[in-house]
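Below: one structure, written as structure tokens.
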């Protein structure tokens, strides 16, 4: 499996520590699925709430967050469906990659929640199952000492499942009509 974009992941790691770049990318993916018209400034507001106690973001952090927004939006809008979770490169120990995978799922679920996907339209049974699975994946850990080939294969399969599930959620939300909730 090739790295998704290690320089961006590494740059984010350095700028955002202790916050997980994977979680931040998941948050962005969830927000973009829920609102395809999400503006970069809206993204910065959500990111700032996650990164600071409503303090202003330093200029280098703002710049990299704008680049992450452009990267995430381009991924989700790519005609070849090349979107993938932003995760550490394959040379990083599996334990850390699995932790990042769980963080990405946490961010995705949070972003979808912030985007109030339940008001954006009906999700298919497959999408609801994916969200259930993503909730379980968000809690995963890797307890084995050394990763073997079967562990690496399982990891790659989970990453692919998340990629396809994200596309499914996006498709459901883009092709559904908003649900009108009754006012009380």
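The values are calculated or read from the model by the stated rules, or taken from the named source; none is laboratory data. Source: prediction; values computed, not measured. Quick reminder, even Gly has a Cβ in these numbers, built from the backbone with ideal geometry, and neighbours come from all protein chains shown.
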- Task: Check segment 122-129 and report whether any residue there is modelled with pLDDT of 85 or more, over 11 Å from the mean Cα position of the chain (by Cα) and not in a helix (DSSP H, G or I).
- Result: yes
- Message: Which condition from (1) assigned to a helix (DSSP H, G or I); (2) closer than 20 Å to residue 30 by Cβ is the one that residue 96 breaks?
- Response: (2)
- Task: Quick one: count up the residues across segment 136-151 that are in contact with a helix residue (DSSP H, G or I) (Cβ under 7 Å, 6 or more places away or on another chain), at pLDDT 90 or above and either in a helix (DSSP H, G or I) or loosely packed, with under 15 Cβ neighbours inside 10 Å (or both).
- Result: 1
- Message: Would you confirm whether or not segment 59-81 contains a residue that is closer than 19 Å to residue 127 by Cβ, outside any helix (DSSP H, G or I) and either touching a helix residue (DSSP H, G or I) at 6+ places or on another chain (Cβ under 7 Å) or modelled with pLDDT of 85 or more (or both)?
- Response: yes
- Message: For residue 164, only one of the following conditions fails: (1) at pLDDT 90 or above; (2) touching a helix residue (DSSP H, G or I) at 6+ places or on another chain (Cβ under 7 Å). What is its number?
- Response: (2)
